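Read the structure below first, then the notes.
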Amino acid sequence: MNPRPSSGLQPMTRASAWALVAVGALIMLAPFYMMFVFASHPRAEIFQVPPPMLPGTDFLSNMAILQQRIPFWTNLGWSFYVAIAFTLCSLLFCSMGGYAFAVYEFPLKKPLFTVVMGTLLIPPFLGMIPNFMVMDFLGWIDRPIALYLPGAAGAFGIFMVRQYVLSSVPRELIEAARLDGCGEFRIYWSIVLPLLGPALGTLALISFISSWNNFISPLVVMRSLEMYTLPLALRSMQNPVNTEWGAIMAGSAVAALPLLVLFALTSRRLIAGLVSGAVRG
């Protein structure tokens, strides 16, 4: 038997793989590091050449400036409130929609699912004007409900739950519950929903992060500074004359810290949930 021809390429060793991952991680973390460094320096030092590379001692001063310019803690509280409300609404509506598409048979099911998935192809900016018109008609301008209720039943979340139900929830279990006299909502709430833990956990993380970082929706529907979420409030501090970049960096560091901690604690669950349910279409 002839030996297999060599490709001429040496296999990547474990050490070189770790080195490549480490370099990539350093590149990705560099902007966050510089943000925390700039948060501890005054505006004049940030624009020095070369810029400071080590943390300074002005973080508390920058935070004081930040609180003078905007109601920082109020904006931070609204960000938490909107992100949590959006996450809960997404879990409820997406789990119901995904379960319905996975289990039930009804007229125009496939065309309707195609329309739902087709919304992923529409750029979000195309919906800015219609979204404002609807929010104005409902009287939700400058109200937090305009930030968490619209868009809660997202196509990505519905698709994720549908795939997970198809691959991980036995149809026999649902049929057995029906034979025992359970109503359809009782089956969904008491039997299926507890089985969706991995998919819902991943969806909760994605929903919270997307709502926390959302800038366009508050820009469209919010009017008063006290009702701004934190990304929009920090943007309002920029002006052509005298922008306190140290204070903005301090606010950005505080805003990024919860997401960094959340991702560090739940990154394994996030990755596992994204690939779960992908076996079956």
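Of everything listed in (1) open to solvent by 90 Å² or more (accessible area, probe 1.4 Å); (2) over 19 Å from the mean Cα position of the chain (by Cα), the single unmet condition for Lys109 is (1). Evaluating Ile129 against the criteria (1) farther than 21 Å from Ile209 by Cα; (2) open to solvent by less than 30 Å² (accessible area, probe 1.4 Å); (3) not hydroxyl-bearing (Ser, Thr, Tyr) leaves one unmet condition, (2).
Picking from residues in segment 115-126 that are open to solvent by 90 Å² or more (accessible area, probe 1.4 Å) and free of Cβ contacts under 8 Å to residues at least 40 places away in the same chain, the one that is farthest from Ile174 (Cα to Cα) is Leu126.
Taking the listed residues Ser252, Ser224, the one that is touching an Asp or Glu at 6+ places or on another chain (Cβ under 7 Å), among the polar types (S, T, N, Q) and either open to solvent by 60 Å² or more (accessible area, probe 1.4 Å) or farther than 30 Å from Met96 by Cβ (or both) is Ser224, with no other qualifying. Summed over segment 144-160, the residues that are part of a helix (DSSP H, G or I) and out of contact with any helix residue (DSSP H, G or I) (no Cβ under 7 Å at 6 or more places or on another chain) give a count of 1.
The values are calculated or read from the model by the stated rules, or taken from the named source; none is laboratory data. Here the structure is a predicted model, which is why all the values come from computation and not from measurement. Note that each Cβ is placed from the backbone with ideal geometry, even for glycine, and that neighbours are counted across all protein chains shown. Accessible surface areas use protein heavy atoms only, side chains included; no ligands, DNA or RNA. Shrake-Rupley method; radii C 1.70, N 1.55, O 1.52, S 1.80 Å.
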